[in-house]
Every structure is written in C-alpha cells, then in structure tokens.
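The values are calculated or read from the model by the stated rules, or taken from the named source; none is laboratory data. Here the structure is a predicted model, which means the values were calculated and not measured. As a convention, Cβ positions derive from the backbone with ideal geometry for all residues, glycine included, and neighbour counts pool all protein chains shown. Only protein heavy atoms, including side chains, enter the accessible area calculation; ligands, DNA and RNA are left aside. Shrake-Rupley method; radii C 1.70, N 1.55, O 1.52, S 1.80 Å.
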Amino acid sequence: MKYRLLALLAVIALVAAACSSSSDDETATTVASGGETATTVVSGGETATTVASGGDTATTVASAASGEVTDIDFWVAFTDYRQEYSEEKAAAFNAAHPEYNVKITSFASYNDVFDAAVLAVDSGEPPALIHFFEAATRQALDAVDSSGAPIFKSVTEAIGGRTEIVGEPVVLDSVIDAARNYYTVDGSFYSMPWNTSTTVMFNNMDILNEAGITEPPATWADVTAACEAIAALPDAPSGCITWPNHSWFVEQSLGQQGELLANNDNGRTGRADEVFLESDGLINYLEWWKGLSDAGYYTYTGQQRDWGGTSNAYLAGEVAMLVYSSSDTTFFDRETEGLFTNQASFMPRNEAVDYVGNLIGGATIWMLDGLDQVTEDGALAFANFFSNPENAAEWHQLTGYEPITKDSITLLEGEGWYDESPNSQVASDQLAAAADTPASLGALLGNFVAIRDVITLAIEDILVNDLDVATRMADANAEANKSLTEYELLNAG
Amino acid sequence: MLIAGLVVAAILGPLYVRRNTINPTAARYGIGSAVAVLGAAVTPLAMGQCSFAEHSSGVDKLLGYLLMFGGAWLALMGARIFWDRADGKKKGDAAFAGEIRAGGFRLGLWVPWVLLSPTLIILLVFLYFPAAATFTLSTKLTRLGAPKSIDVCFTNFTELLITDPFKLVAYPLIAIALIYGARFWKSRSEPGSASRKGAEVAAVIAMLSVFVALYAMFSPGGGGQVAYRPVYINTVIISVGIVAFGMIGGLAVAYLAFRQIRGGGVYRTLLIWPYAISPAVAGVLFFMIFDPTAGIFTHTMDVWFGIDVPNYRESAVLAQSSIILASGWKILGYNILFYLAGLQTVPLEQIEAALIEGASTWQRFTKVVLPALSPITFFLLITNLTYAFFEVYATIDFMTKGAPAGKTSVAIYEIIRVGVNNGDLGRGAAQSVLLFIAVIAITMWQFRTSGERVSYGGS
C-alpha cells in the first residue's frame, strides 16, 4: 500500500513537471507568434525572454515583408557553454533578420559534425554552415559528394568583394593575420574563422615565487631549472609541469623551432605526401619531454588528449605550470581567483635554436556549396555577424580565444580589457611575434586526425613504457606515412 | 590456381555426399560435385579472382582457398537439406511427427510470409543489408567523403595476420589435432583412473592451445602489417576477466542474497540496479572513483591513510583491472537476477537427499546447486561474452581511452577507433567482420561443448 502511494506521488510529480514545462513552451510560442522562428528562439534558453520581447516587432516586420522564413542550419561541435553562446547569437541574428532563422544543432566532436554533414549532403538535406577544425582543413577541401563535386564553397568567393550582406558588414578582411594565413589555401580564404587559439603556459606564481623564481620560465632549460628548484621545496607539489598529450603541442614546438611537419612547405605550396616524424626538432622536443617525465617533473595523466585531467592537476596545485590552449584563459583566471596567482606566459621554447613562431589552432565555419542565393547570403551574413567586433570581443572575453578581427582588438583595447586582465593578451602577443613561414603556419595534411593519433600514441608509449624516442618515432613515422599515402591515393588528382 | 581449387571442390563434393546423406545415389554424387564447384566459384568470381592474382601473397591465396572451401561447404549443406527432406529425415519439431501433427495455414503458404514481413523487413533493412555492406567495405580502401575508393582484395584482413602462410595453416591444425587427441585419449581411458585425469588435463591444455594458436597467427606489427596481436591479447584478458568476475561474483552475491534475511527484498532490488546503468555512466562512475587527480578513492587513500595510489591509467595491469571491475560490476546485477531466479528452481529434494548423505555445505553447493544451475550458467556465459565483446566501448572510452599505450584497446574499441575516429572505413569493416566471425565461432563452440554438460533436470 505504501509503495502504491509512493508511486502515485511520483506520477503526480511527473505530470506536474510535464504540465509546467509545456505551459512554458506555450508562452514562448505565443509571444514570438512568428511560428517557425519561435522554436529556435526557445532553444536559446535564457535569451528566450529577451528575444521574445523584442520579437514582437521583429515578427511584424517579417510578416510585413513576405512571411517567408529561410532556415539556416548551423552545425556546431560544442556541447557546453559555447553551444549556449552560439544559440544566443543565433537568436540575436534571427531577431535582427526575421526573414532568416538560424538553427543551431550541436554535435559532440568536429568529426561527428563532418561525418554527419557528408552524409547529409548525400541524402539531400545538408546544413548551410558547419563548424570544423583546423587540422582537417585538407580533408574539408578534398571532400566531395557522391557526384564528385566539392562539398564546401570558399567564403571569399561567395562574398565576392561585397562589404555588406543583408545589412551585416563583412568582417572577413579584418581577420587577424595568423588565422588568415593559416586558412588561406591556394590564395583563397576558404572558411570563416571562429574559435582560434594558440598554446600558452599558465604559471602558479605562488609556487614559482616560493622556489625563488620571479618570472615564468621562457625556455626548456628554464622549465627544467624551475622544476629542480620546485622539487627541492619542503612542501613540493607532486609534479611540476603538465600539458595534454595532444599532437597540437608537438606541432607548436615544430613551429617554434622552424621545422616542417610535412613536405611541400607543410603542404602549403603543393599537396603534402610525406610527413617527418623523425626530424631533429621533433626528437629534441620529445627527448626534453621524456627527460622531464623521467625526472618526475612532468605529470602524465595517463590519457591522450586529456584536457580535463591536466587542467584539474593545475587547479589542484599538483603542478606549478600548465601548457594549455589560450582558449581557457578566462576560465583559469576565474577558477584560480582566491587560490593562487595565475600568470600566463609564452609556450616554453627550445633555447638552442632561433624562435620562429607558434601557430594557431581551433576551428572555422565552413559554408556548403550548392545553397540557393537567399540561403547563401543569410549564411554569409550570419558568419560575419557572428564575428563582428562586438561579438568577437565578447567571445574572447567569455573564453580566452583570440579576438578574431583587428576591429575587435581595437574595441577591447578601447574598453581597457587588457589592463584589466593582462593574461588575455599573452596569446595575441605570441601570435604577433611569430614569423610568417610555412613552419610556423602549421601543416595542411590529409588524414591529419589519424596521423595525430599515431603521434600521441607513440608519445604515450614512450612516456609510459620508457622506450627510446628515436626508435619509437621511426615506427610512428612509417605508420603515419602509410596513412598519408593512402589518403593521397584516394584524394589526390 | 583457381582451377586447382575447383578440381578439389569437385572431388570433395561426392565425399561429402557419401558421409552425410542416407541414400547416396549416382545422381547425388554428380549433383554434389557440381554444387561444390559452384559454391567454391562464388567468392573468386565475385572478387574478380583477386586473391589469385600475380602479385598476391601466400596468405592471400590461402584466404582465397579458404573462402572457396567455405562456399563449397555452405552449398553442400544447402543441398543436404533438400536430400534430407526427400529421404524423410526429420529434425527438430518434426521429429515428434508421430505424436504431433504438423500444423499448416489453411489460407495458403503466403500467409506466414505476410505475417512475418514486418520483422523480415526490419531485419533486412537494419541488419542484413548493413552486414552485407560491411563485408563489401572490408575489401576496400575507402574514406567517408573521399572521391575514390580502391579495391584491396583481402589486404585489410591479411595485414592483421603474420605473413607466413605455412604457419597460418600449421598453427590451427596443431590446435585441432590436440583437441581430437585429448578426446581420443579420454574415450580410451577408464573413468576414475589416473589416465582419465591425465586426459582431462590434456583437454584443458588443448582448449588453451586454440588461444595460443590465434595469438601466434595475429601479426605483432612491423613490416607494413597492423599490430593486431596486442589487441587480441587485450580482448582475451579483458573479456575473460569481465565474464569471470561478473559470473563468479554474480553467483556468489546471488547465493548470499537468496538466503532468508531481514529486508532481503530490498537488498535484492538494490543489487540489480547497476544493470540499469549504461556502460558510459559506469565508465564515468569508476573514473570519478579512481582518477588520480579528482578521484574519490585516491583522494581518500591519500588524505586518510597517506597512501599514494598510482595512476591506474599508467599501468597495464591496473588499467585492465579497472576496466574489468567497472564492466564486471555493471553486468553483475544482470547475473544476480538470473542466478536468483535459477536458485529458486534448484530441486529441494536433491538438497535434502545430499544433507541426509552427510554432504557439507561446499559439497552441496558444488555437487547439487551448480549442476542444477548449469542451463543458466550456459545462457549467462553467452550473454556475458557478447557484452564483454560489444558493449565495453563506452566504459573504456571514459576510463582509459585505450591507455596505457593501447593496453586497454580491445577489438570493439579498435574497430571504432580505426573505422570511425580515423575514418578508415575499410579496415574498420574488416576488423568488425573478424569480431563477427569470432562471436559465431565461440557461440558454436559453446553450444557443442557446454551443451553436453548442461543439465536441465529430470532424468
């Protein structure tokens, strides 16, 4: 009897919950009254209220114009607060352009977005825009549909020199050089940069100061010396430094040392068909890394691409230094407040060679080919709106990703943002210090995702099983080149 | 090459007819021969005789012959069904024909097909078609979104194996010889004698030799081959671990929970709960317990006892054990559920009789309860093995991502890593065909061996 009562209560609770949520939906729909538009607006969560209140006027304009609403599907590879940010911006764009309805669909990873987009193209219902990452630029350029036509269209070509599209100013020309150079292939800027970052080092200055070090270490030797000093402390942390075992850090180090990862100038003067995983720069970097690990200074979390574990170790004070993506600068500033002094610095470099330059990482917005003119214009307008000075600045402040346009940097400087949070400037300074050479641009490479896996697996093997760097990288080199050769067989010519 | 294979098939056909049919007429010998040749010719023709091409390796040719043999065998099995029917040999339900009259649809033969069609269509679209597509993909070098795809014959399979065709033939033959040798020994030995004991030990060794033979057949990597041997080892260790832990633990807990205790119903309900958790959540849970930085267990050990627990992801033994623990824990509830139900069916009379005979608790458990549970154990063995093969991906992905250095990358994890994450559809498909064959083989072996020992009660 008791159980029945409990069950009844549970059912009542469920029904009540269902009712309350459905009534929320109703209000939203009534307020927006624009039919289609409302659904997207609601998905924006908190923003729903703001937009809906402004929506009244918007809807009137839309119905006055024609009542036709063009859907623009934008597939995003974020599932956290960055997805919410995208939804907010989509809602704001929809409010300003009632003839368009930008819909955000969220995926767990870049690969998921890409696979889904390729399949959607073949099944005839592709999105207008997708969010895809830098390492797969070659793959995106090579992607074709079942008839053999390229899937993506160059945004430069689509913009065609216009300075304004459906009322939104074009900001492509204002994109910072590091990103422009990275994503320009065969003279054409293919995709619209969005989240762009570089690697910086975060320093727990409390520990470093205690060990008598006043400035963040700048070179490999400095890091090793700092670690020796820290390890000698009476209350030494369990480790000294960490960073995720992600191939991006290897690529960054090659850029710093001016070494190529692939032939044909890192695949920038012609298709790359050979990778160099046995170069001096790479071996030296891994030797230094392994040395830190053997001495107990480098803390390996035991997982490849472990962003969460490394960041936790730094926040928990288990390491004094964390080499990481600048994309989380704001996060670290916020999380370390009251814990310890967190100072960002350049990624440590090899003191034995001249510094060439760090590269970017991140993702861009790719536009699909074959959209009708109205949809294409809407998609382009949204992509430019998404990175207009205000939005790009907000995105930078929210995350730590680069302010992607020069105008947004000017805006941030005017607001005094960098005086307020100096750590946010480090990444921009590091990119500004980089020379514009193929090495510091990073490689355009087929099968890059698989090749990156080959690299990180080899590193894990070296760190965990104490293998010889040169021998293990020779195996990795053979495997990576096989992967690339196969990719070129399927995609080149 | 191809002709030689076909000639062999033409000779083997009549031999099969002679062994397997009651009424081997001259016509049947002829048909048997023709059917075998046709069956053997299917794969080489479908594949454009690629495995017998000029440049193909010994292992390629071996696989080609193996597939011809398989095709001939399947074709002959099909023919045998017709002959058996003609000879009035009945199987299954039909064996009871004397007592039960076979039913029939008065409206005609099409009625059952119409009634079955929803199921058949779903099976066709979501199971058979993708399965066929997987077989096709496994012979190609292809990527999603790439403009071309290249036929690579059986390279996706052969590169998982060692390159010496003679060893590839010899190892399985040795294992089979050991198994039949042990059986022969057992049949010639007196029950209870020392010789019988020896035969039983030999039978276990022969069974293990199958695992060793497979170990020797998979490539350790290098020379352009894929290092599949480590994956095989991981799969065996982790699967056997999960099944052993899940089933022994399940039976132990069920035996304890089955006793009359206060609030037994609550315990029993709570014990089954882990089964309702998805493998991904199980992975997250154990990650939260054992993670070196954020883990509850590691933190507690450190703060309370000052023990510095090593990072489970940096040691192969710890990483594999934690996967076994997490996955075994997840399937535990399922096993408990079935064992609890099974324990209720153990005949009370038998236990009473054993008590009167003076059997100890342990003897009652091993000699009465365990045999009575054997049908359940047999069923659970297959379901647990299927679980250990196919459903551990999410747990591994959350706990180790294959770390350290691939030591927890089991077959299913490797398939998804290669086929989905790296976009190498052909190799992924080939590896999943391999896993498919493995599961079929294990199930067949289970049915043959365990079937003899399973007691369903009664006389």
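Against the conditions (1) more than 14 Å from chain B (Cβ to nearest Cβ); (2) buried (at least 22 other Cβ atoms within 10 Å of the Cβ); (3) over 22 Å from the mean Cα position of the chain (by Cα), where does A:GLY255 fall short? Just the number, please.
Failed condition: (3).
Quick one: which of A:THR310, A:THR299, A:THR336, A:THR329 is among the polar types (S, T, N, Q), open to solvent by less than 10 Å² (accessible area, probe 1.4 Å) and within 14 Å of chain B (Cβ to nearest Cβ)?
Details: A:THR299 fails: open to solvent by less than 10 Å² (accessible area, probe 1.4 Å); A:THR336 fails: within 14 Å of chain B (Cβ to nearest Cβ); A:THR329 fails: within 14 Å of chain B (Cβ to nearest Cβ).
Answer to the selection: A:THR310.
Which one of these does A:TRP417 not meet: (1) farther than 25 Å from A:GLY357 by Cα; (2) more than 12 Å from chain B (Cβ to nearest Cβ); (3) open to solvent by less than 20 Å² (accessible area, probe 1.4 Å)?
The failed condition is (3).
Which ones in region B:132-151 are assigned to a loop (DSSP other than H, G, I, E, B) and within 29 Å of B:VAL212 (Cα to Cα)? Walk me through it before giving the result.
Quick first cut of region B:132-151, residues assigned to a loop (DSSP other than H, G, I, E, B) only: B:138-139, B:142, B:144-149.
Selection gives B:SER138, B:THR139.
Considering (1) touching a Lys or Arg at 6+ places or on another chain (Cβ under 7 Å); (2) within 14 Å of chain A (Cβ to nearest Cβ); (3) free of Cβ contacts under 8 Å to residues at least 12 places away in the same chain, say which one B:GLN320 fails and leave the rest.
(3)
List, please: which pairs have Cβ atoms under 8 Å, are six or more places apart or on different chains, and start with a residue in region B:357-377 that is closer than 17 Å to B:ALA252 by Cβ and end with one that is buried (at least 18 other Cβ atoms within 10 Å of the Cβ) and among the hydroxyl-bearing types (Ser, Thr, Tyr)?
Close Cβ pairs satisfying both conditions: B:LEU370/B:THR377; B:LEU373/B:TYR339; B:ILE376/B:TYR339.
Looking at (1) among the polar types (S, T, N, Q); (2) open to solvent by less than 10 Å² (accessible area, probe 1.4 Å); (3) touching a Gly at 6+ places or on another chain (Cβ under 9 Å), which is the one condition that is false for A:THR437?
(2)
What residue, among those in region B:406-418 that are within 16 Å of B:ARG143 (Cβ to Cβ) and within 11 Å of chain A (Cβ to nearest Cβ), is most open to solvent (accessible area, probe 1.4 Å)?
Among them, the one singled out is B:ARG417.
Residues that are among the hydrophobic types (A, V, I, L, M, F, W, C) and within 9 Å of another protein chain (Cβ to nearest Cβ), at least 1 per element: which helices (runs of 4 or more DSSP H) completely within region A:429-493 meet that?
Details: elements: A:438-441, A:448-465, A:469-491.
Here the list reads A:448-465, A:469-491.
If I ask for residues that are assigned to a helix (DSSP H, G or I) and within 14 Å of another protein chain (Cβ to nearest Cβ), which ones from region A:137-178 would you list?
Looking only at region A:137-178, we keep the residues that are assigned to a helix (DSSP H, G or I), and these are A:137-142, A:155-159, A:172-174, A:177-178.
Residues satisfying the conditions are A:THR137, A:ARG138, A:GLN139, A:ALA140, A:LEU141, A:ASP142.
From the set of residues in region A:366-393 that are out of contact with any Pro (no Cβ under 9 Å at 6 or more places or on another chain) and without any contact (Cβ under 8 Å) to a residue 40 or more places away in the chain, which is surrounded by the fewest Cβ atoms within 10 Å (Cβ to Cβ)?
A:GLN373
I need the full set of residues from region B:269-297 which are among the hydroxyl-bearing types (Ser, Thr, Tyr), part of a loop (DSSP other than H, G, I, E, B) and under 31 Å from the mean Cα position of the chain (by Cα), in order please. First the steps, then the outcome.
First pass over region B:269-297, keeping only residues among the hydroxyl-bearing types (Ser, Thr, Tyr): B:269, B:275, B:278, B:293.
Filter once more, keeping what is part of a loop (DSSP other than H, G, I, E, B): B:278, B:293.
Answer for region B:269-297, where residues must be among the hydroxyl-bearing types (Ser, Thr, Tyr), part of a loop (DSSP other than H, G, I, E, B) and under 31 Å from the mean Cα position of the chain (by Cα): just B:SER278.
Filtering region B:154-163 down to residues that are open to solvent by 20 Å² or more (accessible area, probe 1.4 Å) and in contact with a Gly (Cβ under 9 Å, 6 or more places away or on another chain), which residue is nearest to the other protein chains (Cβ to nearest Cβ)?
First, pick out the residues of region B:154-163 that are open to solvent by 20 Å² or more (accessible area, probe 1.4 Å): B:155, B:157, B:161-163.
Remaining after also requiring in contact with a Gly (Cβ under 9 Å, 6 or more places away or on another chain): B:155, B:163.
Working: B:THR155: 11, B:THR163: 16 Å.
Looking at the filtered set, the residue picked out is B:THR155.
For region A:122-144, give me each residue that is open to solvent by 30 Å² or more (accessible area, probe 1.4 Å), touching a residue at least 24 places away in the same chain (Cβ under 8 Å) and more than 25 Å from A:ILE451 (Cβ to Cβ).
A:ASP122, A:PRO126
Every residue in region B:286-344 that is surrounded by fewer than 17 Cβ atoms within 10 Å (Cβ to Cβ) and aromatic (Phe, Trp, Tyr), please.
B:PHE297, B:TRP304, B:PHE305
I'd like the full set of residues that are within 14 Å of chain B (Cβ to nearest Cβ), part of a helix (DSSP H, G or I) and either on the phi > 0 side of the Ramachandran plot or touching a residue at least 24 places away in the same chain (Cβ under 8 Å) (or both), limited to region A:93-121.
A:TYR110, A:ASN111, A:ASP112, A:VAL113, A:PHE114, A:ALA116, A:ALA117, A:VAL118, A:VAL121
B:PHE211 is checked against (1) at positive phi; (2) outside the structural domain of B:PHE338 (by TED's automatic domain parsing) and fails just one. What number does that condition carry?
Every listed condition holds for B:PHE211 apart from (1).
Against the conditions (1) within 14 Å of another protein chain (Cβ to nearest Cβ); (2) open to solvent by less than 10 Å² (accessible area, probe 1.4 Å), where does A:SER408 fall short? Just the number, please.
A:SER408 satisfies all of (1) within 14 Å of another protein chain (Cβ to nearest Cβ); (2) open to solvent by less than 10 Å² (accessible area, probe 1.4 Å) except (1).
In region B:241-268, how many residues are buried (at least 16 other Cβ atoms within 10 Å of the Cβ) and either hydrophobic (A, V, I, L, M, F, W, C) or over 25 Å from the mean Cα position of the chain (by Cα) (or both)? Outline the logic, then answer.
Taking region B:241-268 first, the residues buried (at least 16 other Cβ atoms within 10 Å of the Cβ) are B:241-243, B:245-247, B:249-251, B:253-255, B:257-258, B:268.
Subsequent filtering for residues that are either hydrophobic (A, V, I, L, M, F, W, C) or over 25 Å from the mean Cα position of the chain (by Cα) (or both) retains B:242-243, B:245, B:247, B:251, B:253-255, B:257-258, B:268.
Within region B:241-268, residues that are buried (at least 16 other Cβ atoms within 10 Å of the Cβ) and either hydrophobic (A, V, I, L, M, F, W, C) or over 25 Å from the mean Cα position of the chain (by Cα) (or both) number 11.
Which of the residues that make up region B:1-58 are closer than 23 Å to B:GLY78 by Cα, among the polar types (S, T, N, Q) and surrounded by 15 or more Cβ atoms within 10 Å (Cβ to Cβ)?
Within region B:1-58, B:ASN20, B:THR21, B:SER33, B:THR43 qualify.
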